[in-house]
Amino acid sequence: MMKEIPNKLRLYTGMIIIIGIFCVFWGSRNIISDFDSRILFFIVIGIITESLDIRIKKNIAISISFTIGLASVLVFQSYIVAVIGFSTMLLYVEIVDGKIYHLFNSDLYKRIFNGCAYAISLATASMAYNMFDVRYTGMRMQDFSIVGIVVALLMYTIVNLNIFTTLMCILGNIKWKEAFHENKWTIINITALSPLGVITAVAYNSYGWFAVVLFLVPLLLARYSFKLYIDMRHVYFETIKALSNAMEAKDEYTKGHSYRVAEYAAGIAKEMKMSHDKIDKINTAAILHDIGKIGIADIILNKPGQLEDDEFLQIQKHPEIGAKILGEVDFLKEVAEIIKHHHERYDGKGYPDKLCGDAIPLEACVLAVADAYDAMTSNRPYRKATDSNRALRIIINESGRQFHPLVVKKFATYMERESQKGKVTYVS
């Protein structure tokens with residue numbers, strides 16, 4: 001396993017594992033001298049909560065196990081929390097696409113790394129809490145220092161975020177700032193779960209393990225309801241993607257077009273420093289932007305020659321058809337709006353509503369540039385692909401007429417950056 005890991009990644013993960021194992025070892029010494037059933041209880045509920053995470057994307061999952069981690073920091077106030085955190089990440093059970101993954105059939109190195117990262121984060125939080133608990137004896141809640149809790153949360157967030165952001169930089173060969181932007185959702189997750197962690201600690205200190213179990217029941221029920229929603233959303237979206245793929249399968253010349261457009265559009269949006277939520281919507285809109293062509297006759301879509309005026313009018317209906325299909329679904333309404341206007345022009349000569357300038361949604365302007373570039377650089381029945389440099393020059397020349405000037409500027413920057421990575425050929 002280690003032979004497959006690049007030297008830079010091996011060095012970094014090895015360093016985190018060594019520090020994490022030290023924290024676990026130090027915590028184990030405390031367990032040997034002062035073991036009680038509380039430690040086993042927190043390990044068990046930590047494993048349970050981590051095992052019941054909800055996967056939002058392939059590499060992003062939401063878990064409430066941090067609630068138990070923070071509670072353990074407040075209850076034990078020692079390096080024992082490193083043992084609890086490490087055990088949680090090592091022994092949890094995960095279900096992905098119907099298959100159960102556990103310690104004995106999954107990547108052990110990855111589990112050890114995640115366990116050590118969690119152990120370091122919790123140990124640092126515990127150390128910070130103890131330091132400020134001694135210094136600030138006022139402002140307490142059920143004998144817990146409020147200042148200590150705030151500082152512990154801050155330290156946990158800084159350490160955990162830095163560990164995984166640096167990992168993303170090495171894995172993706174990207175800048176730290178870009179990796180942080182991709183990973184900053186963890187701050188929201190930690191902030192949202194921290195009050196539950198404090199409440200769990202208070203409940204445990206006041207009423208024991210039964211109160212914690214009782215408190216977790218409604219949380220797990222809420223988790224179940226949320227998972228049903230995510231599953232339903234996933235199934236619907238996969239169905240729409242299947243329709244999009246079916247649309248592309250009707251014409252070999254457009255195969256893969258939507259996914260290339262999505263890559264370009266997401267790249268432009270990142271250059272424009274758009275929020276993760278907007279980038280996600282643009283990516284979705286790009287994948288589904290031609291779904292409305294399902295309602296257009298094949299004889300028009302695949303016509304090898306020039307379209308007649310009435311045929312072109314039929315083609316122009318596809319953004320509205322697509323928007324109508326997706327607009328029926330609540331969480332795709334904003335995506336539908338982007339799709340509806342991705343053929344508008346900055347000068348107002350586009351379709352379907354002849355919007356101009358800033359009246360066009362900026363996300364639609366991003367999609368318009370990405371779509372036009374890929375269309376020009378792809379083979380079509382009526383013409384061969386245009387050279388990438390020439391296509392880029394055409395888009396730059398159309399800045400302020402067909403395309404939004406800011407979007408064009410950011411697209412040029414994105415293409416230049418990609419050319420430096422060797423992904424595209426670009427000559428300025």
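The values are calculated or read from the model by the stated rules, or taken from the named source; none is laboratory data. These numbers were taken from a predicted model, which means no experiment stands behind them. FYI the Cβ positions are ideal-geometry reconstructions off the backbone, even for glycines, and counts take in every protein chain you see. Side chains included, ligands, DNA and RNA excluded: accessible areas come from the protein's heavy atoms. Shrake-Rupley method; radii C 1.70, N 1.55, O 1.52, S 1.80 Å.
Structure above, values below:
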{"quantity": "Listed residue pairs exceeding 23 Å between alpha carbons, taken from LYS293/LYS410; LYS241/LYS278; LYS184/LYS255; LYS303/LYS384; LYS241/LYS409; LYS324/LYS384", "calculated": "LYS293/LYS410; LYS184/LYS255; LYS241/LYS409; LYS324/LYS384"}
{"quantity": "Semi-axis lengths, Å, the range 226-334, gyration tensor of Cα atoms, sqrt of 5 times eigenvalues", "calculated": "27, 17, 13"}
{"quantity": "Loop GluC sites (Glu not before Pro), the range 299-348 (other Cβ atoms within 10 Å of the site Cβ: 13 or fewer; DSSP)", "calculated": "GLU308, GLU328"}
{"quantity": "Between 0 and 90°, nearest 10: helix 80-91 axis offset from the chain longest Cα axis", "calculated": "50 degrees"}
{"quantity": "Stokes-Einstein translational diffusion, the chain - Kirkwood Rh over all Cα pairs, 0.890 mPa s, 25 °C, in µm²/s", "calculated": "99 µm²/s"}
{"quantity": "Reciprocal mean inverse distance between Cα atoms of the range 18-156 - Kirkwood radius, Å", "calculated": "15.5 Å"}
{"quantity": "Aspartates and glutamates whose Cα lies under 12 Å from that of LYS281, excluding same-chain neighbours fewer than 8 positions away", "calculated": "GLU334, GLU337, GLU363"}
{"quantity": "Listed residues SER244, SER37, SER388, most fluctuating in the chain (Gaussian network, C-alpha, under 10 Å)", "calculated": "SER37"}
{"quantity": "Gyration tensor (Cα) of the range 123-270, equivalent ellipsoid semi-axes in angstrom", "calculated": "44, 24, 9"}
{"quantity": "Cα gyration tensor shape for the range 140-195, rounded if a/c is under 1.5, else prolate or oblate", "calculated": "prolate"}
{"quantity": "Candidates per GluC sites (Glu not before Pro) in the range 205-273, loop by DSSP, up to 16 other Cβ within 10 Å", "calculated": "none"}
{"quantity": "Cβ-derived FRET efficiency at R0 25 Å, ASN245 paired with THR413, nearest 0.05", "calculated": "0.20"}
{"quantity": "Charge dipole magnitude, Cβ of K and R +1, D and E -1 - the range 316-411, Cα centre, debye nearest 20", "calculated": "560 debye"}
{"quantity": "About the Cα centre, charge dipole magnitude for the chain (Lys/Arg +1, Asp/Glu -1 at Cβ), debye", "calculated": "1000 debye"}
{"quantity": "Quarter of the Cα convex hull surface for the range 117-172, i.e. its orientation-mean projected area (nm²)", "calculated": "3.9 nm²"}
{"quantity": "Net lengthening on full extension, ASP107/ILE187 (0.36 nm per residue, minus Cα-Cα)", "calculated": "26.2 nm"}
{"quantity": "Cα-only radius of gyration and Dmax that characterise the range 268-416, units Å", "calculated": "15.1, 42"}
{"quantity": "FRET efficiency, GLN306 to LEU154 (Cβ-Cβ, R0 60 Å, nearest 0.05)", "calculated": "0.40"}
{"quantity": "Angle in degrees between helix 7-33 and the longest Cα principal axis of the chain, rounded to the nearest 10", "calculated": "30 degrees"}
{"quantity": "Fluctuation leader among VAL96, VAL75, VAL198 - the chain, Gaussian network, Cα springs under 10 angstrom", "calculated": "VAL96"}
{"quantity": "TYR236 accessible area, 1.4 Å probe, all protein chains in place, Å² to nearest 10", "calculated": "80 Å²"}
{"quantity": "Leading residue at positive end of dipole, the chain (Cβ point charges), from GLY256, THR88, THR49", "calculated": "THR88"}
{"quantity": "Segment ILE31-LEU406, extension gain: residue separation times 0.36 nm, minus the distance between their alpha carbons", "calculated": "129.0 nm"}
{"quantity": "Dipole magnitude (debye, nearest 20) for the range 177-281, charges at Cβ of Lys, Arg, Asp, Glu", "calculated": "200 debye"}
{"quantity": "Potential lengthening between ASN389 and ARG233 on full extension [0.36 nm per residue; Cα-Cα distance subtracted]", "calculated": "52.2 nm"}
{"quantity": "Nearest 10 degrees, 0 to 90: helix 388-397 Cα axis against the chain principal axis", "calculated": "80 degrees"}
{"quantity": "For the range 279-420, accessible area per residue (1.4 Å probe, heavy atoms of protein chains only), Å²", "calculated": "48 Å²"}
